[in-house]
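Everything on this sheet refers to the single structure shown next.
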Amino acid sequence: MPSFLVSVTIENKPEIVDPEGDTILNDLILKDKKAHVKKVRSAKMLRFQIDAKNKESAEKEVLVLCNEFRIYNPLVSKVSAETVSV
Amino acid sequence: MRVAVIVFPGSNCDRDMHHVLTNVFKLDSQLVWHTDDLPRNIDAIVLPGGFSYGDRLRAGVIAAHSPIMAQVKKMAERGIPILGVCNGFQILTEAGLLPGALLKNTSLSYICKWTEIIVRNNKTPFTNKFKLNQRIPIAIANGEGRYYADKETLHMLKKNNQIVFTYGEDFNGATMKIAGVCNKEGNVVGMMPHPERSAEQILNPQNAKPASMIFESLLNTLGVTA
């Protein structure tokens, strides 16, 4: 069975204050006068290696795992996934 | 009257809680490891503070999947008083027993200090000895203590009188300065501050009496004379 790398990005919903992103923007980037940078949002990325019959089923199974084990908190965060063959 | 204090890998306030329940309030308190069964005839449950599983992934989320949590959920449904303190509060939200979520403090710092909380619901098993709006000098110690509720959740909290404590000051960005909430039925309460560190005068630089009333409320609920 082929193997895939599924990269899951967990990011807080837009309405939630993101002090980490704000600190990076305000205390690093804007302090260096790079005013063309408008926003920074922090996120967590988890990379799953999984055997599956194809790319679609690999990604689907990983997202099911994320929901089943509350790997992200649906009240607070949203998830997205990108999958590549190993 | 028997109170179970549940211990997870990384709990570090379990013995403090056990001490207060046993030695100060003379309850029959028992430490219970998270893979063991809850003892029979339990009258109340406490999930203490700490860093279960090192706060990995998110504070409380791994412990929320511990074997004992299925039994805690059944006890919650039966109306048994359940208190989650700090990491215990985080575990209860991650287990779906309490609404909302605990996020990193806006300062991104671990905050450890004395503060005041205000009683907003005095109908719960842990607040029934308080007057409404009574202030409690109490210790806080957390890095992920910023209570968050979206609009729908907040509406529900207000409608059902589920906001139990608010802070007197905004130091971590919590929604409406919320420090503690309860479930719709009122028997499950979660709070970020630490009553077990505040309920003895030797530990509290201000007045330990209000914080001790959290435990006296439990005694009152259980029918024990304080």
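Each reported figure results from applying straightforward, stated rules to the coordinates on display, with no laboratory input. This one's a predicted model, so the numbers in the text were calculated from it and none came from an experiment. Neighbour counts run over all protein chains shown; Cβ positions are idealised from the backbone, glycine included.
Numbers at a glance
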| item | result |
| --- | --- |
| Set of lysines with alpha-carbon distance to A:LYS60 below 18 Å, sequence-local pairs under 8 removed | A:LYS78 |
| Neighbour-count order for B:VAL181, A:VAL40, fewest beta carbons within 10 angstrom listed first | A:VAL40, B:VAL181 |
| Charge-dipole axis of chain A as Lys and Arg at +1 and Asp and Glu at -1 on Cβ define it, positive-most pick from A:CYS66, A:SER77, A:MET1 | A:SER77 |
| Square roots of five times the Cα gyration tensor eigenvalues for the stretch B:40-100, Å | 19, 11, 11 |
| Proximal charge balance of B:VAL46 [Cβ under 14 Å; K/R count +1, D/E count -1] | -2 |
| All lysines inside 30 Å of B:LYS123 as judged from Cα atoms, apart from same-chain residues fewer than 8 positions distant | B:LYS26, B:LYS73, B:LYS74, B:LYS104, B:LYS113, B:LYS131, B:LYS151, B:LYS158, B:LYS159, B:LYS177, B:LYS184, B:LYS209 |
| The stretch B:128-198 - convex hull of the alpha-carbon atoms, volume per residue in Å³ | 101 Å³ |
| Solvent-free Debye scattering, log10 I(q)/I(0), computed from the Cα coordinates of the protein assembly as shown at q = 0.13, 0.14 Å⁻¹ | -0.93, -1.05 |
| Listed residues B:VAL189, B:THR106, B:LEU132: farthest to the positive end of the dipole of chain B (Cβ charges) | B:LEU132 |
| Global size of the stretch B:92-145 as Cα Rg and Dmax, reported in angstrom | 13.5, 35 |
| Residue with peak Gaussian network fluctuation, chain A [Cα springs, cutoff 10 Å], from A:ASP32, A:ASP18, A:ASP51 | A:ASP32 |
| Cα Rg over Rh - the stretch B:158-226, Kirkwood | 1.01 |
| Residues B:SER217, A:SER77, sorted so that the one with the fewest Cβ neighbours within 10 Å comes first | A:SER77, B:SER217 |
| Choice from B:ASN12, B:ASN204, B:ASN23 with maximal GNM fluctuation in chain B (Cα, 10 Å cutoff) | B:ASN23 |
| Over chain B: Rg over Rh, Cα atoms, Kirkwood Rh | 0.92 |
| C-alpha center-to-center spacing [the stretch B:1-52, the stretch B:91-153] in angstrom | 20 Å |
| Which of B:SER107, B:SER11, A:SER3, B:SER66 has the fewest Cβ neighbours within 10 Å, and the rest in rising order | A:SER3, B:SER107, B:SER66, B:SER11 |
| Span-like helix ranges in chain B, DSSP H, alpha carbon extent 15 angstrom or more, Kyte mean at least -1.0 | B:208-222 |
| Average projection area in nm² (convex hull over Cα atoms of chain A, one quarter of hull surface) | 6.8 nm² |
| Leading residue at positive end of dipole, the stretch B:2-222 (Cβ point charges), from B:ALA179, B:ASN220, B:HIS155 | B:HIS155 |
